[in-house]
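See structure below.
The values are calculated or read from the model by the stated rules, or taken from the named source; none is laboratory data. Keep in mind that this is a model prediction, so the values were computed, not measured. All Cβ positions, glycine included, derive from the backbone under ideal geometry; neighbour counts span all protein chains shown.
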Amino acid sequence: MKDSDYDIKKIAEKLGIPEDDLVYYGRDKAKIETQGFAKDLKRKAKLILCTAITPTKAGEGKTTTAIGLADGLALKGEKALVCLREPSLGPVFGVKGGGCGGGEETLHPEDDINLHFTGDIHALTSSNNLIAALIDNELFQNSDLRVDPERVIFPRAMDMNDRSLREIETCLQAKTGPKHRSSFVITAASEIMAIFCLSKDEDDFLNRVEEMTVAYDLDGKAIKVKALECRAAIHKLMKDALLPNLVQTKYHTPAIVHGGPFANIAHGCNSLIASDLSLKLADYVVTEAGFGSDLGMEKFLDIACPLGDFKPNLIVMVATIRALKLHGGVKFEDLHNSDPDAVRIGLANLGKHLSNVSLYHVPVLASINRFKDDSDEEIKVVEDYLDSISISYALNTSYIDGPKGALELASKAKEMADNNNGEDYRPLVDSKMSIKEKIETICTKIYGASCVEYSDEVNAKIDEYEKEGLSSFSVCISKTPNSLSDDPHLLNVPKHTIHVKGLRLFTGAHFIVPLTGSIVTMPGLPKVPASKKMKL
């Protein structure tokens, strides 16, 4: 197709967006003014979330399925929209490559979305680093804030995997200020990214940013961003970024792409602003949350939905033969070989993820994403299993066949979503629970852990947070996506204990982040980064 076929005006017209409420970024993408025509619109759409079983390192096509499902609904004549996160440059140049789907089910303009897009992540990175620079300047100027150089806790950020920046020292020259330790996180794991996606509007965003704790003074009192007097500066950096981005799929289904927190080290959902707008513009909204049901889905249902007052109508569980074989004991490099017995063993992982959905009282539809190496015998093993436990399913070949390959999935998703008003949905975690009750509920019921172990430092911090009245904060557990446990090498449904080794406190995002296993908030590049495989 020619670039002229992707005129964003036509997509806006499909959704009833007036041209006056579009801010164009070229011919094929635009931002939407949310305070214009949409301000008084009511939500009307059915909300469908795509999640997955524990994935292989290559991913199982969850974004591709979300795009394909929206395209399949559109092919059936429905007013559908896909609402997704923005890709981070870390995965783009790291293991996964791009984050715009794959095969016939991609977003357009793919390269723009994968790279600089409309500058949202750059604006977030700049805002984060302005705050980091301001707190160091307070140190240098020996200001009235009396910053303790040993207790500057706000990290710098960059949108790239760079393990060498996990721990750094600043002010190595005495004339630049007191030397102190600092660190970098990838922007997708930053608190400001979490706030960006949890805020309901511009004022909410700025208020939350001002609530972030950046350091402590010499008396041990918390110093928050508000003390740095940068609200107006952050607003100037972020005012355009807060507007959702309108693009489209390869087959011209509308797509809103906004925000990009990771699900293994943040909460893994697109912005509340984008979801709220999408539910007002379409009849069916398909979204996804990162990795498996233990990460993105749990955080979507326990953090994002209660905060945004969303009621999901359907969960689509993505499963692949290759992931089931991996959990059945097959090595990653051998997954192309047919092995029905390994699939049969790996079904325990699928069963666990399906049972996770049942905890929230939302109907579930299994999407069997078919790859070219999958044998009919392997597919039948999965179908027979799903029949035996009375779970609806559909084969999805949209990666190869485009929207036609998702028609069965779309038909069943529409029927199931139409028959559920969302009123039975209940979060698993209650805000009235203690901090440890929240952590242990998620770890035992979602991850299947036998128990949770805490370091002495973590126990002390939890006691401190409880005394400070922070038990109402959400818990956003940081954990490997490669296992239900906190050990990436334990596959299928292992017996395990979760080890909480650290805590991060996000006073602006209003959640506590337990760090489990060997999780890090600044990933590294693999031995052969995706950047080496790119072609001109």
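Scanning the range 481-495 for residues that are within 20 Å of residue 301 (Cβ to Cβ) and not hydrophobic (A, V, I, L, M, F, W, C) yields a count of 1.
Identify all residues within the range 355-398 that are within 21 Å of the chain's Cα centre (by Cα) and crowded, with 20+ Cβ neighbours inside 10 Å; write none if there are none. Correct list: 356, 357, 360, 362, 364, 365, 366, 367, 369.
Restricting the range 120-164 to residues that are aliphatic (A, V, I, L, M) and not in a helix (DSSP H, G or I) leaves a set whose member that is surrounded by the most Cβ atoms within 10 Å (Cβ to Cβ) is 157. A count restricted to the range 308-339 and to residues that are surrounded by 17 or more Cβ atoms within 10 Å (Cβ to Cβ), of a type in the set (A, V, I, L, M, F, W, C) and farther than 24 Å from residue 409 by Cβ stands at 1. Screening the candidates 423, 457 for the property of being in contact (Cβ under 8 Å) with a residue 40 or more places away in the chain, charged (D, E, K, R) and either crowded, with 18+ Cβ neighbours inside 10 Å or outside any loop (DSSP other than H, G, I, E, B) (or both) yields one hit, 457. Please work out which residue is nearest to residue 166 (Cα to Cα), limiting yourself to the range 509-531 and to residues that are assigned to a loop (DSSP other than H, G, I, E, B) and touching a His at 6+ places or on another chain (Cβ under 9 Å). Here the residue is 517.
Can you find, within the range 58-78, the residue that is modelled with the lowest pLDDT among those that are among the small types (Gly, Ala, Ser) and within 22 Å of residue 371 (Cα to Cα)? Among those that are among the small types (Gly, Ala, Ser) and within 22 Å of residue 371 (Cα to Cα), it is 58.
Only one of the numbered conditions (1) crowded, with 20+ Cβ neighbours inside 10 Å; (2) in a helix (DSSP H, G or I) is not met by residue 466, and that is (1). The criterion of at least 1 residues that are surrounded by fewer than 24 Cβ atoms within 10 Å (Cβ to Cβ) and either on the phi > 0 side of the Ramachandran plot or charged (D, E, K, R) (or both) is met, among strands (runs of 3 or more DSSP E) falling completely within the range 169-277, by 180-182, 213-217, 222-224. Residue check: residue 342 meets all listed conditions (1) surrounded by fewer than 21 Cβ atoms within 10 Å (Cβ to Cβ); (2) without any contact (Cβ under 8 Å) to a residue 40 or more places away in the chain; (3) of a type in the set (Gly, Ala, Ser) but one, namely (1). Answer with yes or no whether residue 31 is among the charged types (D, E, K, R), at pLDDT 95 or above and under 27 Å from residue 411 (Cα atoms). Spelling it out, it is not the case that residue 31 is among the charged types (D, E, K, R), at pLDDT 95 or above and under 27 Å from residue 411 (Cα atoms). The number of residues in the range 410-420 being surrounded by 16 or more Cβ atoms within 10 Å (Cβ to Cβ) and either part of a loop (DSSP other than H, G, I, E, B) or of a type in the set (Ser, Thr, Tyr) (or both) comes to 1.
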